[in-house]
Amino acid sequence: MKLCYTLLAATVALMAVSVTATADQTFNSTNQTLNQPFGSGESAYFSGGHPYVGLGIGFGNIDVSGLDNGGFGYGVNGGYLMYKNQFAYGGEFGFTGYPDSTGPGVTVSDNALNFLGVGKYYLTHTINLTMKAGFVVAMENTSLGGFGGTSSSNTNVQPAFGLGAGYQLTQNIGLTMDWLHAFGSDTSNDGAFPLDSLLFGVNYTF
């Protein structure tokens, strides 16, 4: 009986070692594959179409001549991408909040809705580069004279262009860095001021 228990224990131990070794080998093989450059016919994490959502914080700027510009900015977005091999393309809708530009007796506020086409290229299974182009609907408000003063509001459609980079932590979760510029004039009479944001964030692909 003691011999049977000994053989049983030895068998279980060998099975455990075998399973652990197989799991480690699979994990290491997966990690190596995900970090290698793409070969012919290889695809990214996804294939077909997938929606995503994201958020980011960082730097924002309303470029108004003669005022103090730049500070904390933030954004949220969502979109849908089609994946084929190492490429992905689709559309994105988002919102960006910009810090006020201020001067003596003057405050300019601006937020924007973003309507963008997105192109993405995967250098490896985990690292990607992004380009965006489209337009923003900027909602600008200028206040004069401080509290109790006058204010005016404008809504402007401005062309926009952006670049970014990303890193996949898991199949669904990725880190992002995105720069977006909306074109305008820093001496605009209608409030169509240039807008810039550089945001660091996270996204989730479904």
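For the pair Val157 and Phe95 in one chain, pulling the backbone fully straight at 0.36 nm per residue adds 20.9 nm over the alpha carbon distance.
Using only the Cα atoms, what convex hull volume per residue in Å³ does segment 48-205 have?
Output value, Cα hull per residue: 93 Å³.
Entry note, segment 48-205: relative contact order of 23 percent, from Cα contacts under 8 Å with a spacing of 6+ residues. Put a dot 7 Å past the Cα of Ile57, heading toward its Cβ, do the same for Ile127, and the two dots end up 2.8 nm apart. For segment 86-195, chymotrypsin sites (Phe, Trp or Tyr not before Pro) meeting the loop criterion (DSSP other than H, G, I, E, B) and having at most 15 other Cβ atoms within 10 Å: Phe147, Phe183. For Glu140, Glu92, the sequence from fewest to most other C-beta atoms within 10 Å is Glu92, Glu140.
A Förster distance of 30 Å, applied to the separation of the beta-carbon atoms of Phe200 and Phe115, puts the FRET efficiency at 0.85.
What is the extension gain from Thr150 to Ala165, computed as 0.36 nm multiplied by their sequence separation minus the C-alpha to C-alpha distance, in nm to one decimal? Stretched out fully, the Thr150 to Ala165 stretch lengthens by 1.2 nm.
Where a number appears in this text, it was derived from the coordinates with a stated rule and is not lab data. Every value quoted in this text rests on a predicted model; they were computed, and no experiment measured them. Here Cβ is always computed from backbone atoms with ideal geometry, including for glycine, and neighbour counts include all displayed protein chains.
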